[in-house]
Structure formats: C-alpha cells, structure tokens
C-alpha cells in the first residue's frame, strides 16, 4: 500500500527505484506527497484508459493510453525475466522495521483500550479472509485497508483517495446484492455512519444481509490526528457526540450491541457474523490513537514517519 498511510518500504523505495510503472492511477496527493520530491530519479511508465490522467500530475517518460487488458500484455511480452534479490530484500527489511515499530502493537495491543487494528485482526480470524470488507472514509479506512485479509478479488470495497464520509453503508448494501453468497461487512467510523445512517431504512425494507461495525473513537479521527500532530492539539469541530447507535438500529428493526472490553470482542464479532440478518456492532476504541506510518504534510513520500516523535 502506497501513500500517506501506506507501507514504509514502498514509500521510501519509490524515491530509489529506476523505473516506476503506474497502472490506472491518478498520482493524487495522497499517494505522491510533495510532487517536487516524488520519484525524480525514476523513468515513469504510465498506463491509463483516461488520457486526462496522463501527464496531469507526474510527467510520464512513456505514456500508454488504452485499456490495460490490451496494453499491458504488449509490454510484458517484451520483458525478459530477471531476479533482483538485493532490491527485494530492501522491502523485507523495511517491512520488518514497520512490524516492530507499528504493526505488532496495533494488532496486539497490551493497553486497556481496544484498537481498530485488533478489531480487524479478529475479524480476519473469524472470516478467514472470505468476507467482502466495505470501508467508509477516515482512520478506520486506513486501518482496514492496511490489515484486512482477502482470499479473492472484489473483496475490498473502498472509495480510495476520492471518497466522502458516508460511503460505506450504501456501498455495502450494493455489495450484498452484488454477491449475496458472501458475507458483507461494513467498517465505518462514528462520524461517517451519521452521514448516511438513513440507509438503515433500505436494509429494513429490502432485507439485504449487511454486517455493520462502527469503530467509535468519539472523534472525527483523521482530522483530529492532523490537529494533534500539526496544530498542537487545538481541536476544532472534531470532538463529536453520537446517538445511541444500537437504539437507532433497533428503530429500524436491526439487532445490535455495543462493546468496549477486549474480552467481549471475539464473541461479539462471532455473534454478528452468525446472525441470519443484518447486525450492528459498535466497538468503542481508543479516542486518540493515531494511524502510522504517515507522510506528514509538506513532505515527500520518502520522508514517511513511523511515530509522532519523528514528526
């Protein structure tokens, strides 16, 4: 995963690679950071079906306009297979450092409060990577996209870098109809859920089977993180109050529960997944937990940090 909350190695090594092959990407600022520091050393091959995206943000040395199903094989047929063990080892070394400084503690916390990462870890264990995971927009989106496990394609439904809060619930309804044979789980923040919670009425009326997990940190978490790290905790309009989500769901005929203790996490997730109908599970997580790694504002991707102390 690249970009602002992507993995450590891919971000750093983007600014060391000889060739950067971009397939169907916008080179938006969530991925590039400062453009004047982005992959200046690399030859860029950009494949895209939309000609407006080519040379829009990053100038391509080799622009390839067309359907990638047709254009990519033309290129790969010309490539000779080679191995680069030293280059690949760099990725492994950076991954190990990220595991030690960020990932292990996020997925296996020892503090009292629940983390978003451990919720996703336990969800992985129970679904065995077979669920469709739909995310909203915010910290939980970054955590879910970083840690959710998938065994097949069309399993990660997210708005990417061009999304808006409120995306997940209606998108999850669509995903549930798209493949009713699979379990659809919507992972949503407490702020984003309030944007489109009226779609619970759609679930009430038409009965798609959607499992809803609200990761409630009682903040607009992504904006709060920026205000903490770059504005000396001068929090503005991010400390939000929420309704009783379980009672709201009950009003739409949807069962639910709220938990805040680690010992209740696995059994509650299992209860949600085994429900024969839609189910809402609110999980109270740490209020001021942050998502790392992170590319701070005004920096290039290679200046990615693993903790707030590095900012």
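Every number in this text was worked out from the coordinates using simple rules, so none of it is lab data. Please read all numbers here as calculations on a predicted model, not as lab measurements. We place every Cβ from the backbone using ideal geometry, glycine too, and count neighbours over all the protein chains shown.
Quick notes on this one:
- Kirkwood Rh and Cα Rg combined as Rg/Rh, segment 180-311: 1.05
- Between residue 198 and residue 299, full extension at 0.36 nm per residue minus the direct alpha carbon distance yields a gain of 32.4 nm.
- Cα-based helix-to-principal-axis angle, 221-230 vs the chain, degrees rounded to 10: 60
- Relative contact order (%) - the chain, alpha-carbon pairs under 8 angstrom, separation at least six: 20
- Per residue, the convex hull spanned by the Cα atoms of segment 1-121 amounts to 147 cubic angstrom.
- Förster radius 51 Å - calculated FRET efficiency between residue 205 and residue 232, Cβ distance, rounded to 0.05: 0.60
- Going by neighbour counts of Cβ atoms within 10 Å, the residues 140, 5 line up, fewest first, as 5, 140.
- Fewest-first sequence of 104, 38, 84, 150 by Cβ atoms within 10 Å of each Cβ: 84, 104, 150, 38
- Dmax and Rg, reported as Rg then Dmax, of the chain (C-alpha, Å): 20.7, 61
- Label-to-label distance, nm, for residues given as residue 37 and residue 56 (7 Å Cα→Cβ offset): 2.4
- Estimated 222 nm signal from helices in the chain, with DSSP H stretches of n ≥ 4 weighted -39500 (n - 2.57), rounded to 500: -10000 deg cm²/dmol
- Gaussian network model of the chain, springs between alpha carbon atoms under 10 Å - residue of 98, 80, 282 with greatest fluctuation: 80
- Note on the chain: GNM, Cα springs under 10 Å; of 138, 286, 251, the largest mean-square fluctuation is that of 251.
- GNM result for the chain, Cα springs below 10 Å: residue of 105, 61, 28 fluctuating most strongly: 61
- Mean separation of Cα pairs under 8 Å and 6 or more residues apart, divided by the residue count, gives segment 114-284 a relative contact order of 22 percent.
- Cut-off 13 Å (backbone N to label point 7 Å along Cα→Cβ of residue 270), residues of segment 106-143: 123, 125-127
- Sorting 183, 267, 115 from the fewest to the most surrounding beta carbons within 10 angstrom yields 267, 183, 115.
- Counted over the chain, the DSSP beta bridges are approximately 10% antiparallel.
- Within segment 211-293, percent of DSSP bridges classed antiparallel, to nearest 5: 10
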